[in-house]
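Below is one structure; the comments refer to it alone.
The values are calculated or read from the model by the stated rules, or taken from the named source; none is laboratory data. None of these values were measured; they are calculated from a predicted model. Counting neighbours? That spans all protein chains shown, and the Cβs are built from the backbone with ideal geometry, glycine included.
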Amino acid sequence: MADERNDVLLDLRDVRVRFPGPKAVYPVDGVSLDIRPGETLGLVGESGSGKSMTSLAIMGLIAKQGGAVTGGNIYFKGRDLLALSDREMMDVRGREISMIFQEPMTSLNPVYTIGDQIVEAIRAHALPEGGRMPKRQAWDRAVEMLARVGIPSPEKRASSWPHLLSGGMRQRAMIAMALSLDPELLIADEPTTALDVTIQAQILELIGELKAARRMSVLLITHNLGIVAEIADRVAVMYTGRILEIAPTVDLFRRPLHPYTRGLMESIPRMDRTVKELAAIPGMVPPIDALPPGCAFSPRCPLAEARCRQAVPPLEDAGNGHKSRCLRWRDLVADKGGAA
Amino acid sequence: MNILAVFARRKIALFGLAVIGVMLAFAIFAPLIATMDPQEMNPVDKLTPPNGIYLFGTDNFGRDIFSRVVYGARASLLGSTGVILFSMTLGVLTGVVAGYFRRVEPWLMRLVDVLMAFPPLLLALVLVSILGRGMINVIVAVGATYLTRTTRIVYGLTLKVREEAYVEAAVSSGAKVRDIILRHLLPNMMSPIIVQATFTFAFSLLDMAALDFLGLGIPPSIPSWGNMLSEGRMYITRAPWLLTFPGMCIVLTVLAFNLAGDVLRDRLDPHFRSRIEGV
Amino acid sequence: MIAYICRRFLSMIPSLFLASVIVFSFIHFIPGDPAQVMLGDQATPERVQQLRESMGLDRPLYVQYAKWIGGVLRGDMGQSIFFHKPVLDVIADRAETSLLIAVFSMILIIVVGVPIGILSAVRCNSRLDQLFSGASMFFASIPTFWLGLNLMLLFAVTLKWLPTSGFPSIVESGDWSNLRYLVLPCITLAAPNSALIIRLTRSSMLDVARADYVKTAWAKGLSEGSVTMRHIFRNSLISVVSALGFTFVALLAGTVVTETVFSLPGVGRLVVESLLRRDYPTIQGVILIVAFVYMLVNLLVDLSFAILDPRIRYS
């Protein structure tokens with residue numbers, strides 16, 4: 001097939017997701033991004049930007065939500081996931097690509113013990129030589145994983161029910177479960193949003209350690225720029241289903257080349273400056289079924305021109321792995337903005 | 001929100017509405033629609049199958065079944081309306097009181113729980129024995145069995161709505177209890193209550209027909225679908241049409257209300273959906 | 001856990017007392033005099049009064065209640081005025097029929113209702129689901145007596161496959177083929193109740209399917225069967241078991257109509273007949289026992305929640 005790159009683990013090309021309704025909507029509208037082995041890609045955006053949908057598309061779970069992937073390819077280790085059968089995709093989930101979610105309090109089944117749920121994840125996938133891992137062995141592996149994520153007394157915890165653990169512990173258990181089969185890609189959808197700040201730091205640190213130890217890639221979805229600055233190698237910024245900017249992290253923060261990204265950074269309160277008012281991006285995110293013509297951000301953009309409204313701007317290469325969907329990105333190169 | 005538009009989305013619901021319309025027409029315009037006097041006996045023509053004159057045939061007394069069915073709609077619709085008025089007003093009252101006033105709550109709910117330990121039909125039977133036969137008594141008897149169920153449901157709803165932020169806001173701004181109930185609690189419980197009323201209408205119709213069938217409901221002098229089935233039972237082999245038409249009417253009417261309740265419930269906040277006892 | 005069970009049992013006692021008071025008062029509000037009913041219209045007032053005194057009907061109500069409840073606590077529910085036998089015996093005679101009907105109907109309901117409910121939820125909004133929904137709604141709207149009569153007309157009268165009415169005892173005759181007398185009544189009862197269970201199972205499962213842990217289950221790569229049964233259905237069990245418990249009790253004593261249609265010697269008909277005959281002790285006895293069974297079943301259902309949901313165990 002076309003130029004599937006071998007140095008890339010996950011390669012999304014122009015992926016589109018459609019949801020039917022009185023008016024069909026496209027929560028993911030032509031998204032292209034790639035993740036290399038061992039790298040952490042941060043996917044940033046406000047609620048409704050399509051970041052969670054993108055992750056569900058990668059996992060093949062869009063149909064479960066009532067939608068369909070209508071365009072593009074998702075190459076993972078050379079195979080197009082969209083071309084796989086249900087059975088094949090089922091095998092990929094949990095084994096090659098794992099996902100953890102936002103709400104640890106409700107993401108674990110309340111009627112089974114933690115250990116049982118991890119064992120279930122392990123035994124759902126056949127061993128390379130055929131057959132399933134024996135229960136005893138799977139249980140041991142579950143305990144081992146719980147220890148690996150820093151849960152004290154892992155044997156006891158494995159026999160506990162989820163409701164007896166704190167939020168932070170549950171999220172660790174979720175991570176243990178997700179990594180139990182050594183996936184090459186971990187998708188973390190807002191993993192720390194529901195946790196206390198101190199626990200947040202611990203969880204992020206944990207993900208970082210595990211990733212380094214296993215040479216795993218991470219797709220970190222969040223609306224929090226601070227987190228992304230800490231642990232992502234590259235960042236993609238999403239808005240109304242499209243990627244507006246993608247760049248190595250340091251580059252993005254030092255020299256954002258899209259007015260939206262700038263707006264996001266400027267609205268972060270800073271301790272080293274005194275300001276009269278908190279800066280906010282004027283206007284509101286347009287509803288997905290009523291997008292403005294051309295660049296979806298143009299109504300709120302200080303740099304908008306007539307040509308911005310004519311057609312959706314393409315993602316242009318600004319050099320050094322930095323891409324922007326703003327027609328006027330060159331004007332921003334000169335202007336010293338950003339959060340560095 | 002346009003009710004008609006809601007119903008139009010599901011074709012089958014329109015069918016239900018049509019049935020309800022027909023039955024309402026029967027009930028209200030009975031003297032105009034019925035072809036004959038429902039009580040008039042023509043012993044000569046007894047037990048004739050449906051034909052040109054007697055659209056649904058005649059019964060063992062030679063009475064026109066079509067006319068009796070039309071008039072029967074009155075009894076059934078009136079009865080069910082009475083039941084929902086009775087059980088819903090009292091049920092909402094007691095449910096809200098139990099849910100809002102903590103002091104009363106344990107006693108009231110224990111009483112309700114105990115009353116619900118008796119199978120509804122048996123309870124209705126006992127009440128009819130005490131009160132005697134007749135439309136009002138049947139309404140009260142059957143209404144009482146739905147009263148407890150409604151109280152339970154409204155109690156549950158009140159508990160839920162009571163915890164909402166706007167109620168807390170009203171309480172802390174010193175609103176009077178009466179205002180809180182009337183302006184915050186009740187309006188937010190209206191939709192599930194209306195849906196519940198629809199289902200109660202449907203099921204109470206079945207219950208009252210059952211009482212009639214047992215000979216313990218409306219006196220036989222008033223034509224009702226249940227009574228007709230009770231009388232026609234003996235002729236099941238000779239003249240099955242005695243049973244078909246009143247039976248179909250019951251089924252269609254109950255089905256129509258169940259459909260309506262279902263459609264209305266689909267529009268409800270999932271919050272409330274699980275609290276409704278329906279089909 | 002044991003403490004929880006004990007507490008629940010103990011809390012049943014005041015409820016039972018309340019129930020007995022309610023039963024007693026209701027019955028004694030029924031107009032009409034049992035003595036008069038027994039002796040008929042021809043009896044002289046003196047004879048009626050004599051009979052009343054001998055039955056203890058002239059004593060004040062609270063005395064009568066005390067006598068009755070005292071007896072109940074000793075296991076004696078009094079004598080049936082009509083049958084001249086202990087009430088417990090009268091009820092025992094009818095218990096066989098009602099128990100068998102309840103049990104077999106329940107089996108039908110569970111076997112038909114639950115799987116169809118699950119299937120409807122899994123294939124939500126498909127043709128199959130719409131078909132089942134329509135059928136459920138239809139069967140939930142049919143009056144049991146009409147369904148019974150029609151079934152009787154078709155299977156017993158026209159096709160002559162099954163008997164029309166009555167039920168010779170199995171316990172006495174030892175003849176299990178007598179179960180065929182219960183086939184039509186059980187189907188009649190199972191139909192509307194299955195419909196309700198189908199709807200309930202379906203909606204319960206659809207609610208649970210939206211939970212976060214179900215998303216996790218899919219993300220783990222579990223098969224559709226695993227997710228459906230081990231995660232969705234397992235967490236819907238509480239609602240389903242609750243509804244089934246309620247259904248069972250309704251089947252025990254609320255089947256008056258079906259018993260009437262098929263002329264079955266069950267508990268429901270006993271109540272109706274006793275009401276007409278003003279046989280106070282029997283009515284009281286039956287209703288009290290039914291209330292007791294209801295509370296017991298409720299208790300068992302609640303206890304099952306503790307087994308089904310670990311979060312409930314520690315309260």
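Which of (1) polar (S, T, N, Q); (2) surrounded by fewer than 17 Cβ atoms within 10 Å (Cβ to Cβ); (3) modelled with pLDDT of 85 or more does residue C:20 not meet, given it meets every other one?
Among (1) polar (S, T, N, Q); (2) surrounded by fewer than 17 Cβ atoms within 10 Å (Cβ to Cβ); (3) modelled with pLDDT of 85 or more, the lone unmet condition for residue C:20 is (2).
If you scan the range C:286-315, which residues turn out to be within 13 Å of chain B (Cβ to nearest Cβ) and among the small types (Gly, Ala, Ser)?
Matches in the range C:286-315: C:291 only.
Please tell me if residue C:194 is assigned to a loop (DSSP other than H, G, I, E, B) and either touching a residue at least 12 places away in the same chain (Cβ under 8 Å) or basic (Lys, Arg) (or both).
No; evaluated as a whole, the condition is false for this residue.
Among the residues of the range A:263-308, how many are within 23 Å of residue A:28 (Cβ to Cβ), of a type in the set (Gly, Ala, Ser) and at pLDDT 85 or above?
5
How many residues does the range A:56-95 contain that are in a loop (DSSP other than H, G, I, E, B) and free of Cβ contacts under 8 Å to residues at least 40 places away in the same chain?
4
Taking residue B:203 as the residue in question, decide whether it is at pLDDT 85 or above and in contact with a Lys or Arg (Cβ under 9 Å, 6 or more places away or on another chain).
no
If you check every pair at least six apart or on different chains, which have Cβ atoms under 6 Å apart with a residue in the range B:79-101 that is touching a residue at least 24 places away in the same chain (Cβ under 8 Å) first and a residue that is of a type in the set (Phe, Trp, Tyr) and assigned to a helix (DSSP H, G or I) second?
B:80/B:201; B:84/B:201; B:87/B:146; B:95/B:155; B:98/B:155; B:99/B:155
Go through the range B:28-71 and give me each residue that's touching a residue at least 24 places away in the same chain (Cβ under 8 Å) and of a type in the set (Asp, Glu).
Those that are touching a residue at least 24 places away in the same chain (Cβ under 8 Å) and of a type in the set (Asp, Glu): B:37, B:40, B:59, B:64.
Does the range B:18-40 hold any residues that are at pLDDT 85 or above and either more than 14 Å from residue B:65 (Cβ to Cβ) or of a type in the set (Lys, Arg) (or both), and which are they?
B:18, B:19, B:20, B:21, B:22, B:23, B:24, B:25, B:27, B:28, B:29
Answer yes or no as to whether residue C:276 is in contact with a Leu (Cβ under 7 Å, 6 or more places away or on another chain) and not charged (D, E, K, R).
Spelling it out, it is not the case that residue C:276 is in contact with a Leu (Cβ under 7 Å, 6 or more places away or on another chain) and not charged (D, E, K, R).
If you check A:143, A:119, which single one turns out to be part of a helix (DSSP H, G or I) and either more than 12 Å from chain C (Cβ to nearest Cβ) or surrounded by fewer than 16 Cβ atoms within 10 Å (Cβ to Cβ) (or both)?
A:143
Considering only residues that are surrounded by 23 or more Cβ atoms within 10 Å (Cβ to Cβ), away from chain A (no Cβ under 14 Å) and polar (S, T, N, Q), which ones fall in the range C:177-221?
Across the range C:177-221, the qualifying residues are C:188, C:193, C:194, C:201, C:204.
Any residue that is over 27 Å from residue C:66 (Cβ atoms), more than 9 Å from chain B (Cβ to nearest Cβ) and surrounded by fewer than 17 Cβ atoms within 10 Å (Cβ to Cβ) - is there at least one of those in the range C:24-41?
Yes, because at least one residue in the range C:24-41 is over 27 Å from residue C:66 (Cβ atoms), more than 9 Å from chain B (Cβ to nearest Cβ) and surrounded by fewer than 17 Cβ atoms within 10 Å (Cβ to Cβ).
Collect the residues in the range B:95-119 that are buried (at least 22 other Cβ atoms within 10 Å of the Cβ) and of a type outside the set (A, V, I, L, M), keeping them in residue-number order.
Result: B:95, B:99, B:118, B:119.
Yes or no: residue A:30 assigned to a loop (DSSP other than H, G, I, E, B), on the phi > 0 side of the Ramachandran plot and either under 11 Å from the mean Cα position of the chain (by Cα) or not aromatic (Phe, Trp, Tyr) (or both)?
In short, no.
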